[in-house]
Amino acid sequence: MNGDQRSAHGITLPVDAERDTLKAKRLQDSTVQHNEKTLRLKSRGEVQQLTGEPTRAKRVCSPPGSITFMAIADAATAVAVSRVGPKFKEQKDD
């Protein structure tokens with residue numbers, strides 16, 4: 001989660017993942033973007049299915065005021081902790 005409204009923040013992913021980023025222009029907006037596309041309700045009010053954006057192991061930035069989820073396939077808790085551990089560093093982008 002990037003609560004900073006002015007600066008992007010990034011992390012370095014040690015493995016490939018799927019990225020889901022949710023963002024609104026203002027926190028109170030009723031319109032939300034998912035991976036830079038506006039979310040729309042279906043005819044009966046259901047939220048459309050969200051599909052993650054394939055993301056290679058690299059530096060990934062979250063835009064200001066956004067929430068980003070990274071899904072790592074087949075990551076057992078112990079394996080994820082040992083593989084990510086010290087390599088998973090938060091970095092601020094100015």
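Just so it is clear, none of the values below were taken in a lab; they were calculated from the coordinates. The shown structure was predicted, so the numbers you read here are calculated from the model rather than taken from an experiment. Cβ atoms come from the backbone with ideal geometry, glycine included; neighbour counts cover every protein chain shown.
Selection of the range 1-16 for residues being touching a Gly at 6+ places or on another chain (Cβ under 8 Å), part of a loop (DSSP other than H, G, I, E, B) and of a type in the set (S, T, N, Q) yields only Q5.
Between residues in the range 34-54 that are surrounded by 10 or more Cβ atoms within 10 Å (Cβ to Cβ) and residues that are among the hydroxyl-bearing types (S, T, Y) and not in a loop (DSSP other than H, G, I, E, B), which pairs lie under 6 Å by C-beta distance while being six or more apart or on different chains? What qualifies is N35/T21. Among residues of the range 1-29 that are touching a residue at least 12 places away in the same chain (Cβ under 8 Å) and more than 11 Å from A57 (Cα to Cα), those with a Cβ under 7 angstrom from a residue that is surrounded by fewer than 15 Cβ atoms within 10 Å (Cβ to Cβ) and among the aromatic types (F, W, Y), sequence gap 6+ or separate chain, pair up as D20/F69.
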